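The values are calculated or read from the model by the stated rules, or taken from the named source; none is laboratory data. Computed from a predicted model, the values in this text were never measured in an experiment. A quick note on method: Cβ atoms are made from the backbone with ideal geometry, for glycine too, and the neighbour counts reach across all protein chains shown. Heavy atoms of the whole protein, side chains included, go into the accessibility calculation; ligands, DNA and RNA do not. Shrake-Rupley method; radii C 1.70, N 1.55, O 1.52, S 1.80 Å.
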Amino acid sequence: MCGIVGYIGPRQAGHLLLDGLRRLEYRGYDSAGIALLNGGGLEVIKTSGKLSNLEKALVGRVPSGTLGIAHTRWATHGAPTEINAHPHTDQDGNIAVIHNGIIENATAIRTALVNIGHTFESDTDTEVLAHLIGALFQGDLEEAVAAALKEVDGAYGIAVISAQQPDVLVAARKGSPLIVGVGTDEWFVASDASPLLEHTRSVVYLDDGEMVVLTRDGYRVRDLQVTEIQKPVSQIEWDLAKIERGGFEHFMLKEIFEQPESLRNTLRGHLLDDEGTARLLGLNLTDDELKRIDRIVITACGTSWHSSLIGEYMIEELARVPVEVEYASEFRYRNPVIDERTLVIGISQSGETADTLAAIREAKARGARTLGLVNVVGSTIAREVEGGTYLHAGPEIGVASTKAFTSQIAALALFTLRLARLKDMSILQGRQFIQALRELPDKVQQILDRAPDVERLAEEFLDSSNVLYLGRGVNFPVALEGALKLKEISYIHAEGYPAAEMKHGPIALIDENMPVVFIAPKDGVHSKIVSNIEEVKARGGKVIALVNEGDAEIERLADKTFPIPDTVDLLTPILTSLPLQLFAYYVAVRRGCNVDQPRNLAKSVTVE
Ligand code: AGP
């Protein structure tokens, strides 16, 4: 998520804003910039990469000025380059804008502005907004911003300054958080409280549709229709660590609870209800090229390999194209049979995993078409594949992958839908699948609302030394993922297995000390899983079962059950993985483990 900080007051703003950006680094970003009014006009400096690059660019030349804005950018549209970094300026270079969010009608506005002679440097929607404000500016920045925002669709948190009004900072919010810091004869605006704490704990929280006008005499909150709004001043009680985690104890828990929103962002703009299909413009594969693909290989590592397995079930079930899932570390050294009708999909949250990158390069060298399902915009894998789609899950800071996993499944569902509708899936089936996808975020929220039940469950099993996770069909990969989550953050040994495979060995492990987690929604293999549960119970095993509401048959058998809302079979992993993420988290926290940075692990394995 982008970071915003702005200042107006008696002090020099340059270093103060840079300090503010440092406080915002935790949000994840790939470029940064600053704009100041230095008495002689507007000065904008921005760089790609880390904040240190901006600081280097500013050595010995931090612009003077007591009014400024600064930004860290997490790229969503447009690569993380200097040109795309914020602040962006209007056509005349007199107005600077920083922005967090997505302007959905930016293309239409850009076209209209080009038609009246505007020229653009970047690929960003933010530059369009800067030009729109400039085009509407008639000497009053506040009114120009209000007029521009009335024409904008989408989400924004913005801060704007103008060389023609060197004593005004205008900010506005719709969908992206923005708060005002109330100091002593100085005022701030920021994406969250972290840059403000060293200056003030008195803040005003803006709500959607509100603007704030900061001057050297104070601030005024209003809506887009000029109506002034009285807002209470609140005191920040949190410390910096708690603010960075949005009030959650750990980044991992924050990211688990972000999943309703991250799923909406993954799906946003891709679902075409009328045609019953998905729009994936970034594939760079025509429908005819997609139809000619006769085999798909999905390659990844770790959690991303688990979502790949779910993709195999989806694509083969709905699009009827053969799929193989390969560990990237194995694929890259095998002698795989690949030709131009093979599509190789690389899945990676970071887009930098060395094995996955090498596997993609090997596939390309052998003539395969390649796609990437990647979270980090502009990452190496995203740049080396021929096409793909970004997850838009937002930065994932916790080493254990959670929201990226469910967003990968959602992205695979979009690809499957696109491909299936080119094959035998009917428009009605496509619409039903779309409806099921649209309902997922709210169903995820229902599960999150019951997190305390999972926490109580974790209390009972936190002293286990081994745990077995069993699932069938599309929930077999969820068993693998649940086991990985537990072992990588709590250091309890755990294994995931296809439920029927238990009889071929692991059943020897079952005794009263072995908790067995069954992922058992009412799908096509429900009766088989009931038999597997009975086999475990007969040997004294403790059974925890994820079940659909009202599954009396398993509720009678299992020692503990946790309810999962209904959805179509192929999408159940997005729901069944949630309680397993929470279970691993609560067990690890109670065992005193470092949940966000587990021992021996890195967030991105960029070496072999
Ligand atoms: C998952 O919790 C782990 N952190 C790890 O398995 C991870 O999924 C794997 O290293 C792949 O990373 P990537 O998705 O960034 O390629």
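Anything over 20 Å Cα to Cα? Flag those among LYS503/LYS542; LYS485/LYS603; LYS254/LYS522, in the order listed. Before the final figure, lay out the partial values.
Working: LYS503/LYS542 17 Å; LYS485/LYS603 13 Å; LYS254/LYS522 30 Å.
Too far apart for the 20 Å limit: LYS254/LYS522.
What is the spin-label model distance, in nm, from ASP424 to GLU121 if the labels are put 7 Å beyond Cα along the C-beta direction?
Placing both labels 7 Å beyond Cα along the Cβ direction yields 5.5 nm.
Quick one: accessible surface of ASP288, probe radius 1.4 Å, all protein chains present, in square angstrom to the nearest 10.
90
Against the empirical 2.2 N^0.38 Å scaling, what ratio does the C-alpha Rg of segment 1-155 come to? Don't skip to the end; give the middle numbers.
Numbers: Rg = 14.9 Å, N = 155, 2.2 N^0.38 = 15.0 Å.
That works out to 0.99 for segment 1-155.
What figure, in Å² to the nearest 10, do you get for the accessible area of ILE229 with a 1.4 Å probe and non-protein molecules left out?
50
Mind grabbing the accessible area of TYR313 for me, 1.4 Å probe, Å², rounded to tens?
80
Once phi is turned into θ = phi - 60°, what whole-Hz ³J(HN,Hα) does the Karplus curve with 6.51, -1.76 and 1.60 give for every residue of segment 510-517, x standing for Gly and Pro?
6, 8, 5, 9, 10, x, 10, 9
Compute the separation of the alpha-carbon centres of segment 139-167 and segment 240-302 and state it in Å as a whole number.
31
Report in % the part of the accessible area of the chain that belongs to carbon and sulfur, leaving out ligands and nucleic acids; probe 1.4 Å.
Values: 10990 of 23040 Å².
Solvent-exposed carbon and sulfur of the chain make up 48 percent of the total.
Largest first and to the nearest Å, give the Cα extent of the chain along each principal axis.
80, 54, 44 Å, listed from the longest principal axis down.
Can you spot the aspartates and glutamates whose alpha carbon is less than 18 Å from LYS487's alpha carbon? Ignore those fewer than 8 places along the same chain.
By straight Cα distance, LYS487 reaches GLU455, GLU459, GLU460, ASP463, GLU495, ASP596.
Compute the helix-to-body angle for 526-538: its Cα long axis versus the longest principal axis of the chain, expressed 0 to 90° and rounded to tens.
70
How far is the Cα center of segment 180-213 from the Cα center of segment 70-103, in Å?
Spelled out, the Cα-based centre of one part sits 21 Å from the other.
Relative contact order (percent) for the chain, with alpha-carbon contacts under 8 angstrom and 6 or more residues of separation? Write down the numbers at each step before the final one.
Values: 1392 pairs, mean separation 64.3, N = 608.
RCO, the chain: 11 percent.
Relative contact order for segment 510-608 using alpha-carbon pairs under 8 Å, separation at least 6, rounded to a whole percent?
So the answer I get is 22 percent.
Between LEU58 and ASP559, take the C-beta separation as r, use R0 = 35 Å, and let me know the FRET efficiency to the nearest 0.05.
Values: r = 61 Å, r/R0 = 1.74.
Using R0 = 35 Å, I get an efficiency of 0.05.
Over segment 223-335, what is the relative contact order in percent, taking alpha-carbon pairs closer than 8 angstrom and at least six residues apart? List each step's numbers first, then the result.
On the way: 63 pairs, mean separation 17.5, N = 113.
Once normalised by length, the contact order is 15 percent.
Are there any trypsin sites (Lys or Arg not before Pro) in segment 455-545 that are in a DSSP loop and have at most 16 other Cβ atoms within 10 Å? List them by number.
On the way: sites: ARG456, ARG472, LYS485, LYS487, LYS503, LYS522, LYS528, LYS537, ARG539, LYS542; in loops: ARG472, LYS522, ARG539.
Filter output for segment 455-545: ARG539.
Roughly how many Å² is the accessible area per residue of the chain, as a whole number, for a 1.4 Å probe? Don't skip to the answer; put the middle values down first.
Values: 23040 Å² over 608 residues.
Ligands and nucleic acids excluded, the figure is 38 Å² per residue.
Got a sec to turn the phi values of segment 429-442 into Karplus ³J(HN,Hα) couplings, 6.51 cos²θ - 1.76 cosθ + 1.60 with θ = phi - 60°, whole Hz, x for Gly and Pro?
Rounded to whole hertz, the list is 4, x, 5, 5, 5, 4, 4, 5, 5, 4, 7, 4, x, 5.
If you keep only loop residues by DSSP, which GluC sites (Glu not before Pro) in segment 229-276 have at most 16 other Cβ atoms within 10 Å of their Cβ? Could the numbers behind the result be given before it?
On the way: sites: GLU237, GLU244, GLU249, GLU255, GLU258, GLU261, GLU275; in loops: GLU237, GLU249, GLU258, GLU275.
Of the GluC sites (Glu not before Pro), the ones in loops of segment 229-276 whose Cβ has at most 16 other Cβ atoms within 10 Å are GLU237, GLU249, GLU275.
Where the centre of each part is set by its Cα atoms, how far does segment 403-454 sit from segment 316-360, in angstrom?
22
Out of the DSSP beta bridges found with both residues in the chain, what percent are antiparallel (nearest 5)?
So the antiparallel bridges amount to about 60 percent of the total.
Ordering ARG216, ARG556, ARG27 by accessible area with a probe of 1.4 Å, largest first, what comes out?
Numbers: ARG216 85, ARG556 165, ARG27 20 Å².
Result of the area sort, largest leading: ARG556, ARG216, ARG27.
When the helix-only estimate is applied to the chain (DSSP H runs of n ≥ 4, each -39,500 (n - 2.57), divided by the residue count), what is the mean residue ellipticity at 222 nm, nearest 500 deg cm²/dmol?
On the way: 20 runs with 221 residues, N = 608.
Mean residue ellipticity, 222 nm, calculated: -11000 deg cm²/dmol.
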